[in-house]
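The values are calculated or read from the model by the stated rules, or taken from the named source; none is laboratory data. Everything numeric here is computed off the predicted structure, so don't read it as measured data. Using ideal geometry, Cβ is built from the backbone for each residue, glycine included, and neighbour counts are taken over all protein chains shown. For the accessible areas, the whole protein counts, side chains as well, though only heavy atoms, and no ligand, DNA or RNA atoms are used. Shrake-Rupley method; radii C 1.70, N 1.55, O 1.52, S 1.80 Å.
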Amino acid sequence: MAQHRPPVRPKGTAPVSAATGSTTVHVATSAVEGFIDKGLTGELGSLNRGASVKEIRSTLGTNDIQRIVGATGKKPPSERTIRRWVQQDRIPDAHIAEILDRHRFVTETGGVAAVAQQVGRSASSVRKWVNGRQDNFRGSAKEDAARQRLEENMIRAGVMTSTGILKTVTIKFVATVEVRVSGPKGYSYTTKDRQFNFDGGMDASSLLGRDDTYELAVAVANGEHARVIAILEAHASTRYAAFEDYDDENGFHISSITGLTMSWR
């Protein structure tokens, strides 16, 4: 008997790495758009924005902001310009915004020496990085610095405690999903308005595990919204439900998503 395979995804979908090892899947762009529209609120909404301009000014002060910008070769902003940046929560020059946020990060971390110790590089290397004379650190220090800044954002967003403990996330959403099963008797069908509650109410396995929770936060922080959908699909398929596998031919595949809420405790 011929195998019945799920239909090929239409054009406009994006391949992303799922939260299950090296599996690569295709997720629907409509599902991604639904997450962006419904999911980027509350804690997650602030997770991928980083520090606000108000926080940067509060940490560095007007005089230091002017000095730092001047050191890049740009004209130092006036106090009025800085106030406008704060009001709009936007620094028009992306390079200047990054340099100022690096200075804020170093200041709040405890200074150049503290950052150098954390990433295992010299103070000179940190100074070059913070002043924009190098785009990033080399080797493992690049990952260490990225992780430090990411986890700082997680603390700011409320998904991690001030002591670095990742909180438990509960997720509820309604979705139109395609149910796929491969093999000799494989099939595919669509079910609408299915409620998913990843809140521990059904049993402990309905909650995301720590690794998947961390990957979810990382994906949001990095703007990898398609990966967020893959993480939700993988969990819904292999932990929340009883599919043996999750890939392009197996498991739940979200076509659209509405009413999504996430809370961290």
### Message
Between a residue in region 110-127 that is under 12 Å from Arg138 (Cβ atoms) and any residue that is open to solvent by less than 60 Å² (accessible area, probe 1.4 Å) and outside any helix (DSSP H, G or I), which pairs come within a Cβ distance under 7 Å, given they are 6 or more apart or on different chains?
### Response
Val119/Phe137; Arg121/Phe137; Ser125/Phe137
### Query
Hey, any hits in region 147-160 for a residue that's farther than 22 Å from Ala113 by Cβ and in contact with a Phe, Trp or Tyr (Cβ under 7 Å, 6 or more places away or on another chain)?
yes
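Tell me which residues, restricted to region 83-93, are open to solvent by 70 Å² or more (accessible area, probe 1.4 Å), among the charged types (D, E, K, R) and part of a loop (DSSP other than H, G, I, E, B). Steps first, answer last, please.
Taking region 83-93 and keeping what is open to solvent by 70 Å² or more (accessible area, probe 1.4 Å), we get 83-84, 87-90, 92.
With among the charged types (D, E, K, R) added as a condition, the list becomes 83-84, 89-90.
Selection gives Asp89, Arg90.
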### Query
Mind checking whether some residue in region 38-50 is surrounded by fewer than 19 Cβ atoms within 10 Å (Cβ to Cβ) and modelled with pLDDT of 90 or more?
no
### Message
Step by step: first the residues of region 69-82, then only those that are of a type outside the set (A, V, I, L, M) and surrounded by 14 or more Cβ atoms within 10 Å (Cβ to Cβ), then the one that is farthest from Lys128 (Cα to Cα). Which residue is that?
### Response
Thr81
### Summary
Flagged pairs (Cβ under 8 angstrom, 6 or more apart or on separate chains; first in region 177-192, at positive phi; second outside any strand (DSSP E or B)) are Gly183/Gln3
#### Entry: Close pairs from region 234-263: first more than 19 Å from Glu215 (Cα to Cα), partner surrounded by fewer than 20 Cβ atoms within 10 Å (Cβ to Cβ) and among the polar types (S, T, N, Q), Cβ under 6 Å, at least 6 apart
Glu249/Ser182; Asn250/Ser182; Ser255/Thr176; Ser256/Ser30; Ser256/Thr176
### Entirely in region 152-265, the strands (runs of 3 or more DSSP E) that have 3 or more residues that are charged (D, E, K, R) and either more than 29 Å from Glu55 (Cβ to Cβ) or open to solvent by 20 Å² or more (accessible area, probe 1.4 Å) (or both)
169-181, 187-198
